[in-house]
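Shown next, in structure tokens, is the structure this report addresses.
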Amino acid sequence: MDKTLDLKEILASIASWNTLRNEKNELVINNLFDAGNSFSYNRPKLESAQDSFIHVYPGVKDGKLLLFVIDADKDNAQEAKNPEEILAAITVCELDQMPELGSEIPTEEALERIKSWKDNRIGWVKKQVETEEGIFQAFVIPSSDFQPGQESKVYFALKPNPDGENAFADLIIDDMQDNSKDSGLSKYFDLVRPVPPFHIDGPLEKENFYLLEIS
């Protein structure tokens, strides 16, 4: 697929995903994820606040799931006044199928969460679309999880729910350039957040997700 999309196409893709989640169409959603369990992202070298975040939006175009990645600093009304500027800030990512992680990520919990998505995703989606929050509209990732100019692999995962209810959607970041034995992903585990649920303030405040507002 040509990843050169204009802003109108990107917003339409995000709207298509939100239509599926509102319709609770778990069969179509699961079919979209059959194409892969991860995506690659190379963060541009941008000047961002020290405690900034990255937004990841699912979208659907031509029957395929795409991921639209944008710095939270750029995901706002001020940037949207100039469609060319906000478009330049969006990275379009496609799903990849990466069945094995090998020894690059020694953290057993990371492997278990990624495997849980692979093994339990179909049943998880079926349950999640029926919950009050529904399936995710976006993910929030601290920008410090990515090294600018360096490619990372991002895996879909499921994080166990301590209350015994349906697991939480999660993303696990694999720093593909760092193969050191002690460079596991445990520091990332509790920093990635799916939305909804949105929060009243802070990085998970709904008003921060401008692409949702205009799509």
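Listed values, structure above:
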read-out	value
Cross-chain or 6+ apart pairs with Cβ under 8 Å, region 114-130 first and closer than 18 Å to residue 35 by Cβ, then among the charged types (D, E, K, R) and part of a helix (DSSP H, G or I)	125/26
Qualifying residues in region 68-92 (those that are closer than 28 Å to residue 111 by Cβ and without any contact (Cβ under 8 Å) to a residue 60 or more places away in the chain) - the one least open to solvent (accessible area, probe 1.4 Å)	69
Residues that are under 22 Å from residue 125 (Cβ atoms) and open to solvent by less than 40 Å² (accessible area, probe 1.4 Å), drawn from region 191-203	192, 194, 195, 196
Any hit, region 9-20, residues being open to solvent by less than 60 Å² (accessible area, probe 1.4 Å) and more than 14 Å from residue 59 (Cα to Cα)	no
Filter result (farther than 20 Å from residue 18 by Cα and charged (D, E, K, R)) within region 111-169	112, 113, 115, 118, 119, 145, 151, 153, 159, 163, 165
Breaking point among (1) farther than 26 Å from residue 10 by Cβ; (2) assigned to a helix (DSSP H, G or I); (3) at pLDDT 90 or above, for residue 125	(1)
Among (1) over 14 Å from the mean Cα position of the chain (by Cα); (2) closer than 22 Å to residue 173 by Cα; (3) modelled with pLDDT of 95 or more, the one test that residue 97 misses	(3)
Residue pairs meeting the criteria (Cβ under 9 Å; at least 6 apart or on separate chains; first within 11 Å of residue 137 (Cα to Cα) and of a type in the set (Lys, Arg), in region 17-36; second open to solvent by less than 70 Å² (accessible area, probe 1.4 Å) and not in a helix (DSSP H, G or I))	21/58; 21/129; 21/134; 21/135; 21/136; 21/137
Residue count, region 111-135 (criterion: within 13 Å of the chain's Cα centre (by Cα) and surrounded by fewer than 21 Cβ atoms within 10 Å (Cβ to Cβ))	0
Filtered residues of region 155-182 (kept if open to solvent by less than 40 Å² (accessible area, probe 1.4 Å), aliphatic (A, V, I, L, M) and modelled with pLDDT under 90)	172, 173
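The values are calculated or read from the model by the stated rules, or taken from the named source; none is laboratory data. Fair warning: this is a prediction, and the values are worked out from it, not measured in the lab. Positions of Cβ are backbone-derived with ideal geometry, glycine not excepted, and every protein chain shown enters the neighbour counts. These area figures cover heavy atoms from the full protein model, side chains too; ligands, DNA and RNA do not enter into them. Shrake-Rupley method; radii C 1.70, N 1.55, O 1.52, S 1.80 Å.
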